[in-house]
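The block underneath contains the structure these notes are about, expressed in structure tokens.
The values are calculated or read from the model by the stated rules, or taken from the named source; none is laboratory data. Since this is a predicted model, take the numbers as computed values, not measurements. Reconstructed Cβ throughout: ideal geometry from the backbone, glycine too, with neighbour counts over all protein chains shown. In case anyone asks, the SASA skips ligands and DNA or RNA and just uses the protein heavy atoms, side chains included. Shrake-Rupley method; radii C 1.70, N 1.55, O 1.52, S 1.80 Å.
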Amino acid sequence: MEPAPREFDEIHRDLESLKHSLIYMSAGDITVGETQAFADQISAIRLQLKRLLADQRALGLEIERRALGR
């Protein structure tokens with residue numbers, strides 16, 4: 001498992017890249033292929049965030065378990 005700060009940096013870079021790709025586009029500027037590529041990028045980012053949330057929960061449970069001496 002990678003350290004969380006690196007993961008957040010990676011997600012931040014992905015979001016910034018996506019934002020800069022979209023910021024100056026109008027609907028007519030985006031092809032069907034680009035729309036699908038953007039959708040794929042957004043899906044990948046969502047999956048990263050879900051994995052980070054699951055990792056955070058697991059870490060919280062492990063910390064709690066250790067604190068309680070179980």
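Taking the stated definitions as given, is Asp55 among the acidic types (Asp, Glu) and touching a helix residue (DSSP H, G or I) at 6+ places or on another chain (Cβ under 8 Å)? Spell out the reasoning first.
Working: among the acidic types (Asp, Glu): yes; touching a helix residue (DSSP H, G or I) at 6+ places or on another chain (Cβ under 8 Å): yes.
Judged against the criteria, Asp55 is a match.
Considering only residues that are open to solvent by 80 Å² or more (accessible area, probe 1.4 Å) and charged (D, E, K, R), look in the stretch 11-33 and name the one that is nearest to the chain's Cα centre (by Cα). Steps first, answer last, please.
Looking only at the stretch 11-33, we keep the residues that are open to solvent by 80 Å² or more (accessible area, probe 1.4 Å), and these are 12-13, 15, 19-20, 23-24, 27, 29, 32.
In the following step, the residues that additionally are charged (D, E, K, R) were identified as 13, 19, 29.
Details: Arg13: 10, Lys19: 14, Asp29: 26 Å.
So the residue we want is Arg13.
Could you check how many residues of the stretch 37-52 are out of contact with any helix residue (DSSP H, G or I) (no Cβ under 8 Å at 6 or more places or on another chain) and closer than 17 Å to Ser17 by Cβ?
6
Output the residues belonging to the stretch 51-63 that are among the basic types (Lys, Arg) and surrounded by 11 or more Cβ atoms within 10 Å (Cβ to Cβ). Break it down into steps so the answer makes sense when it comes.
Our first condition is that a residue be among the basic types (Lys, Arg); within the stretch 51-63, this holds for 51, 57.
Answer for the stretch 51-63, where residues must be among the basic types (Lys, Arg) and surrounded by 11 or more Cβ atoms within 10 Å (Cβ to Cβ): just Arg51.
Listed residues Gln48, Gln36; which is surrounded by 13 or more Cβ atoms within 10 Å (Cβ to Cβ), modelled with pLDDT of 85 or more and not acidic (Asp, Glu)? I'd like the intermediate steps shown before the answer.
Values: Gln36 fails: surrounded by 13 or more Cβ atoms within 10 Å (Cβ to Cβ).
Within the list Gln48, Gln36, the selection yields Gln48.
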